[in-house]
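S.K.: Have a look at the structure that comes next, please.
The values are calculated or read from the model by the stated rules, or taken from the named source; none is laboratory data. Remember, it's a predicted structure, so these values are computed and weren't measured experimentally. Cβ placement follows ideal geometry from the backbone for every residue including glycine, while neighbour counts extend to all protein chains displayed.
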Amino acid sequence: EPYLPTVIIAGGFLRRAGSAEQKAAHLPGIIDGSKTFAFAQLEKNSRWDLGDVTTTAKKKGDGWVIDGEKFVVLNGEAADTLVVTARTAGGQRDRSGVGVFLVPSDAKGVSRKGYPTQDGQRAADITFTGVEIGADAAIGDPANGLPLIEAVVDDARTALCAEAVGLMDESLTTTVEYIKTRKQFGVPIGSFQVLQHRAADMFVATEQARSMAMFATMAAEFDDAKERANAISAAKVQIGKSGKFVGQQSIQLHGGIGMTMEAKIGHYFKRLTMIEQTFGDTEHHLTQVSNGGGLI
C-alpha cells in the first residue's frame, strides 16, 4: 500500500506547511484511505540532490504552469494527487527558488508511464506539459521550499529505517526457524557452531540498526536542520550496512530455497535493497555525515 508517499510524505507536507484550506481538502481523504498521493521529485540527473530541480513552475495570472519530467515516482501510476517539486526561480542547483505544488494526476498535460519495481511495488515516470494549476496549489513558500522538502524527506528516511528494522527482524526470525528444522548429515544445521555464530552476527546487526532507527526517530524533531540531517544520515548508513548483511546471510543460510520466488526471505531482501537505494544510498549518506551534516 502507498503508505510512505501518501501518509508520511504528502501528510508531512500538509502537516508542516499546508494551509487550513489544503488540510481540509486533503487530510480527511488520507485518513479514511479514499485518496492516495505520490511524491514527484527525482529527475533524470539529480540522483539524491533534493535541490537539483529543472522542472519549472511559472506564474500565469494567479496560478502556475508546470513543465518538466519526474522519474521513479512511487505510486505515481495510481495516485490521485501528485506532490511536485518545481523551480520557480534561479539555476538548476540553487537552494532558493524551489517550490512544492499539489497537482491533480488527471490534470490536462500530465502523462504517466507506470512499471513494476524490484520489490513488487509500482512506480511511474511522469511528464508535465503546460499543466495549469491554481494559486492554492503551492504548499508553503514557492520561492523557498527546499528546507521544507528536506524536513519531509528526513521524515521519510526515518520511516524507511523503521520499516527496514522490521524486515531485518523478520528475516532473522525466519532464518533461525529454518536452520532449526533443515537437516544435513542427520542433524539440524542450526546445531553447527559456525551457523550459530552467523545468526548471532545477524542479531547484532539488527540490534545496531534498531538503535539507530530509534535515534533517527528522535532526531526527526530536532530544531537544527543540520543536526537533524546528520543524525538521520548516520542512521541511514547503519540501516544500509545492516540490511545488506542480514539479507545476504539470510539468503545464504537458506541455501538454494532462498533464491526462489516461493520463499519469502528473498522478497524481504529485495525490499531491503530498495530501501537502501531510496532517498540516498549508504555511500551517499556516509559522505553527508563526513561533511559534518546532511546538508551540502
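A quick yes/no check of all residues on (1) within 18 Å of the chain's Cα centre (by Cα); (2) farther than 20 Å from GLU170 by Cα; (3) not assigned by TED's automatic domain parsing to the domain that holds VAL72:
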{"site": "MET214", "(1), (2), (3)": "yes, no, yes"}
{"site": "PHE222", "(1), (2), (3)": "no, yes, yes"}
{"site": "ALA235", "(1), (2), (3)": "yes, no, yes"}
{"site": "GLY240", "(1), (2), (3)": "yes, no, yes"}
{"site": "GLY243", "(1), (2), (3)": "yes, no, yes"}
{"site": "THR260", "(1), (2), (3)": "no, no, yes"}
{"site": "GLY266", "(1), (2), (3)": "no, no, yes"}
{"site": "ARG271", "(1), (2), (3)": "yes, no, yes"}
{"site": "GLU283", "(1), (2), (3)": "yes, yes, yes"}
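S.K.: Checking the condition touching a Leu at 6+ places or on another chain (Cβ under 8 Å), surrounded by fewer than 19 Cβ atoms within 10 Å (Cβ to Cβ), at pLDDT 95 or above and not polar (S, T, N, Q), which residue from LYS35, LYS23 passes?
M.R.: When all the criteria are applied, what remains is LYS23.
S.K.: Looking only at residues that are of a type in the set (A, V, I, L, M, F, W, C) and farther than 19 Å from SER171 by Cα in the range 183-199, which one is surrounded by the fewest Cβ atoms within 10 Å (Cβ to Cβ)?
M.R.: The initial filter retains those residues of the range 183-199 that are of a type in the set (A, V, I, L, M, F, W, C), namely 185, 187, 189, 192, 194-195, 199.
So of that shortlist, the ones also farther than 19 Å from SER171 by Cα come out as 185, 187, 192.
Values: PHE185: 7, VAL187: 9, PHE192: 14.
So the residue we want is PHE185.
S.K.: Ok, one more. Check the range 243-254 and report whether any residue there is within 22 Å of GLU150 (Cα to Cα), at pLDDT 95 or above and of a type in the set (Gly, Ala, Ser).
M.R.: No: the range 243-254 contains no residue that is within 22 Å of GLU150 (Cα to Cα), at pLDDT 95 or above and of a type in the set (Gly, Ala, Ser).
S.K.: Select from the range 200-223 the residues that are modelled with pLDDT of 95 or more and surrounded by fewer than 19 Cβ atoms within 10 Å (Cβ to Cβ) and list them in ascending order.
M.R.: Listed by number, the residues that qualify are ALA200, ASP201, PHE203, VAL204, GLU207, GLN208, SER211, MET214, PHE215, THR217, MET218.
S.K.: Could you tell me whether any residue of the range 255-264 is crowded, with 16+ Cβ neighbours inside 10 Å and within 28 Å of GLU1 (Cα to Cα)? Don't jump to the end; show me each part of the working.
M.R.: Our first condition is that a residue be crowded, with 16+ Cβ neighbours inside 10 Å; within the range 255-264, this holds for 258, 263.
With the extra rule that they be within 28 Å of GLU1 (Cα to Cα), the set shrinks to 258, 263.
The answer is yes; a qualifying residue exists.
S.K.: Taking ILE133 as the residue in question, decide whether it is within 17 Å of ASN75 (Cα to Cα), assigned by TED's automatic domain parsing to the domain that holds ALA17 and hydrophobic (A, V, I, L, M, F, W, C).
M.R.: Numbers: within 17 Å of ASN75 (Cα to Cα): no; assigned by TED's automatic domain parsing to the domain that holds ALA17: yes; hydrophobic (A, V, I, L, M, F, W, C): yes.
When the stated conditions are applied, ILE133 does not pass them.
S.K.: Something else now. I'd like to verify a number: residues in the range 280-291 that are buried (at least 22 other Cβ atoms within 10 Å of the Cβ) and in contact (Cβ under 8 Å) with a residue 60 or more places away in the chain, how many?
M.R.: 1
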